[in-house]
Amino acid sequence: MRILRVLLGAGLALLLLAGLWYAGLVDPPEGLRRRIVGFATVYPGPTGRAVVAGIPCPVLRRSALYVVCTENCEGIWRIVAIRGLHVEALSDLHSVPPEPRSETRRRFNRLVMEEGLRLDAGGARELVGCLLRLDGMDPAYLLEDKDVETIDAARDNAPALQSLAETIKAQDGLERVEVSQAGDGFEARVLYWNLDRTWWPVQEIRFGLARDGRILWLKRRELPVTDGTGSDNTPGTPPT
């Protein structure tokens, strides 16, 4: 009889803990959370082949972000959020046709509104890092304005570009996010070095952020290549 009471008590405790996990009041163990994320993202495919990696986003207190990949991200490549035991897709980076970025922003806005954020400049900077990762970008390759001239001057020298990329990556990319107050929110500007393109262009991205973390607007443009890059390029044209 005593053993039965012990088992009953343990079962009730487990049910209570599961309820706290489900409600998001207590975070489940990291291993369990990753398994839930992998299963929810890949099912009905072979969930055992999924690689689940956490995405740093400390400004989100109740939710965690993960990237889920199969076949070295050549199969599934998605970014999802989990709060408690509930998994929500945020971005499908291999969607065909490509998902509109506005759809990703809409999902993210819904997520941050449930967080009840009240950003300061540091929080806005962290949030920009999260948004870049949602687009598959690595904040380690954010630049300062002076870096753009250095990159353009070295465009015909692949070893120099690679060395510069390694130097930039070793620094704290989020420190290069420019944040300024704008009404009851913030404007942020970044310069992103896109190493995934053959000639490594630089993109300028500007964000309008509400104090509660919502993305109000986003503008992006690719910076033209300046004259004098060591080849006969015209501005806005990839090196030849």
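The values are calculated or read from the model by the stated rules, or taken from the named source; none is laboratory data. Model, not experiment: these values are computed from the prediction. Glycine also receives a Cβ, built like all others from the backbone with ideal geometry; neighbour counts cover every protein chain displayed.
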- Quick one: how many residues across region 71-108 are part of a helix (DSSP H, G or I) and of a type in the set (Lys, Arg)? 4
- Consider Met137 against the criteria (1) surrounded by 13 or more Cβ atoms within 10 Å (Cβ to Cβ); (2) under 17 Å from the mean Cα position of the chain (by Cα); (3) part of a helix (DSSP H, G or I): it satisfies all of them except one. Which criterion is unmet? (3)
- Task: Check off (1) more than 19 Å from Leu90 (Cβ to Cβ); (2) under 23 Å from the mean Cα position of the chain (by Cα); (3) free of Cβ contacts under 8 Å to residues at least 40 places away in the same chain for Leu161 and give me the number that stays unchecked.
- Result: (2)
- Give the residue, chosen from Gln203, Gln181, Gln171, that is at pLDDT below 90 and assigned by TED's automatic domain parsing to the domain that holds Pro139. Gln171
- Item | Top-ranked residue of region 166-218 - restricted to ones that are closer than 24 Å to Ile151 by Cα and among the hydroxyl-bearing types (Ser, Thr, Tyr), ranked as surrounded by the fewest Cβ atoms within 10 Å (Cβ to Cβ) | Thr198
- Regarding Val225, is this residue of a type in the set (A, V, I, L, M, F, W, C), at pLDDT below 90, surrounded by 15 or more Cβ atoms within 10 Å (Cβ to Cβ) and not assigned by TED's automatic domain parsing to the domain that holds Arg105? yes
- Is region 45-66 home to any residue that is touching a Phe, Trp or Tyr at 6+ places or on another chain (Cβ under 6 Å), on the phi > 0 side of the Ramachandran plot, outside the structural domain of Gly122 (by TED's automatic domain parsing) and surrounded by 14 or more Cβ atoms within 10 Å (Cβ to Cβ)? no
- Query: If you go through region 109-134, how many residues are farther than 17 Å from Trp77 by Cα and either in contact with an Asp or Glu (Cβ under 6 Å, 6 or more places away or on another chain) or in a helix (DSSP H, G or I) (or both)?
  - Reply: 17
